[in-house]
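Since the structure comes first, as structure tokens, the remarks are kept for the end.
Only the coordinates and a few stated rules stand behind these numbers; no lab work does. None of the values given here were measured: they were computed from a predicted structure. Note that each Cβ is placed from the backbone with ideal geometry, even for glycine, and that neighbours are counted across all protein chains shown.
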Amino acid sequence: MASNPPPAVVIVDDEEMVITSVRAFLRLETEYAIHGFTLPGEAVKFLETNPVDVVVSDYLMPKMNGLELLAKSKQFQPEAARVLLTGHADKQSAIRAINDVGLYQYLEKPWDNQQLLLVIQSAIERTTLLRSLREKISALDTAHSNLKDIQAKLLRAFL
Amino acid sequence: MEEEPRHLAELYRMAVLGRLTAKIVHEITTPAGSIRSNNEVLARSLDALGKLLSDATVKKCAPPAKALDILETLKNLAGVDKIACDRISAVVRGLKTYARVEEGELRKTNLNDLLRDTLKLAGVEFRNRVTLVEDFGEMPAVECYPQSLSQVFLNLLVNAGQAIEGEGQVTVRTRAENGWARISISDTGTGIAPEHRDRIFTPGFTTKPAGEGTGLGLVITREIVVDHHHGTITFESEPGRGTTFHARIPITHPRNRS
Ligand SMILES: Nc1ncnc2c1ncn2[C@@H]1O[C@H](COP(=O)(O)OP(=O)(O)OP(=O)(O)O)[C@@H](O)[C@H]1O
Ligand SMILES: [Mg+2]
């Protein structure tokens, strides 16, 4: 267990100060690897190649909104949990689109640190579970097709 | 009947403020949330730091690397808190300037400062998609009704921002020229259709969706600039490229000219 890399959390917000505050809090409370981005485009680039456990995104950002970003995240890393952290003014539009990206949680600004931590913790657990489930399924698949091979060989030997 | 135009301007001023409220709340919520979070982290970090330092003292060894790490975080957070407080103050100053009731007295005013405050307020409407550019010239103090002019600027700025679909730029220029102060507000928006040019100062004329535009903004703007300040308001517009409104205000109000 100790050799496992720490869970990776991506935080996207066009406000540098939000990233700095959340990062400081998570560094104090956890061992997570935290990757902060003020430009959604850079976050997407990161997500294309780096496996992460949770993506927390602001909604209203220039160029790409949070749901567009989370949709991209879903495309590249379907298992990584998606959390929207949004201000009051854009609540309605956010809620309308939530189903499209399969949101894990919706949090409102100003955020509560303890609640944010709980959400991120349980999101990481869920991602870990999904990953190990997928590994087991693919192991089962392999075992199953091996079995079929053997069965086929046996049949051929006897017929 | 004399009182009616002022009364209308007052109602409209409050309506504009009402429409901005949600955005203003948002603008304040973000830095306030940051400060709150930082404060919590600060308190805990200080606890942790105290413990690390007293442990080190007991063991008679140098403070651990973790302590320096915490110090670094604390420094960062102090910086963020300063920026966050400045952001809140700026919006609040804009609000104060705008929401203050016009005293009806001429006051020598630095229009660049007045514009800066008003820009902070207008900025909350489209901070995410419109770049605001300030090109302020040297300006003498202008004799004016500051609250009314703040309303003029906000009307023009909101119109400029609303004319831009998606991303664009709003430029605010100020210049002093032969006894006049000129304030020009340019946008890279849709422009004004030739057939609308003669109508935009008509009460109730609006191209905005019902419930969004009252068509009163420019009427009130003209009234304040022309009737109350003896100034002029003009515009140039090119459909598809953008619009510039120029307000010219005499530096000395005619009432006080000898
Ligand atoms: N910068 C601009 N670019 C393009 N069109 C403009 C601009 N400013 C004003 N207009 C046109 O003039 C019309 C009248 O403007 P006015 O400010 O009086 O009312 P409004 O903006 O429609 O409504 P309200 O001010 O109540 O939001 C607008 O609907 C728009 O068609
Ligand atoms: Mg208007």
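Just a few scattered comments:
- The distance from the alpha carbon centre of region B:116-166 to that of region B:178-249 is 13 Å, rounded to a whole number.
- Counting beta carbons within 10 Å around each of A:Lys136, A:Lys63 and listing the fewest first gives the order A:Lys136, A:Lys63.
- Within the protein assembly as shown, helix-based [θ] at 222 nm, where runs of 4 or more DSSP H residues each add -39,500 (n - 2.57), nearest 500: -18500 deg cm²/dmol
- Protection proxy ranking of A:30-41, A:45-56, by the mean of other Cβ atoms within 10 Å over each peptide's residues and highest first, is A:45-56, A:30-41.
- Among the listed pairs A:Lys109/B:Lys96; A:Lys136/B:Lys66; A:Lys72/B:Lys208; A:Lys72/A:Lys148; B:Lys23/B:Lys66; A:Lys72/B:Lys23, those whose Cα-Cα separation exceeds 29 Å are A:Lys136/B:Lys66; A:Lys72/B:Lys208; A:Lys72/A:Lys148; B:Lys23/B:Lys66.
- Alpha-carbon gyration tensor eigenvalues x 5, square-rooted, for region A:1-157, Å: 37, 18, 13
- Once the Cβ-Cβ distance of A:Lys136 and B:Lys60 is raised to the sixth power relative to R0 = 45 Å, the FRET efficiency obtained is 0.30.
- Amide proton proximity set for A:Gly87, modelled H, under 5 Å, gap of 5+: A:Tyr59, A:Leu60, A:Lys109
- Shielding by other protein chains, A:11-21, mean Cβ within 10 Å: 6
- Seen from every direction in turn and averaged, the convex hull around the alpha carbons of the protein assembly as shown projects onto 33.0 nm².
- Among B:151-160, B:60-69, the order from most to least packed when residues are scored by Cβ within 10 Å on average: B:151-160, B:60-69
- Of B:Leu218, A:Leu107, A:Leu154, the sequence from fewest to most neighbouring Cβ atoms within 10 angstrom is A:Leu154, A:Leu107, B:Leu218.
- Considering only the protein assembly as shown, percent of DSSP beta bridges that pair antiparallel, nearest 5: 50 percent
- Short-range pairs are left out: with C-alpha atoms under 8 Å and at least six residues apart, the relative contact order of region A:8-158 is 20 percent.
- Footprinting exposure proxy ranking of B:Asp227, B:Asp55, fewest other C-beta atoms within 10 angstrom first, gives B:Asp227, B:Asp55.
- Loop GluC sites (Glu not before Pro), region B:1-72 (other Cβ atoms within 10 Å of the site Cβ: 16 or fewer; DSSP): B:Glu2, B:Glu3
- Per-residue shielding of B:21-30, expressed as the average number of other chain Cβ atoms within 10 Å of the residue Cβ, stands at 4.
- Per-residue mean of foreign Cβ neighbours for B:74-84 is 3 (Cβ atoms of other chains, 10 Å radius).
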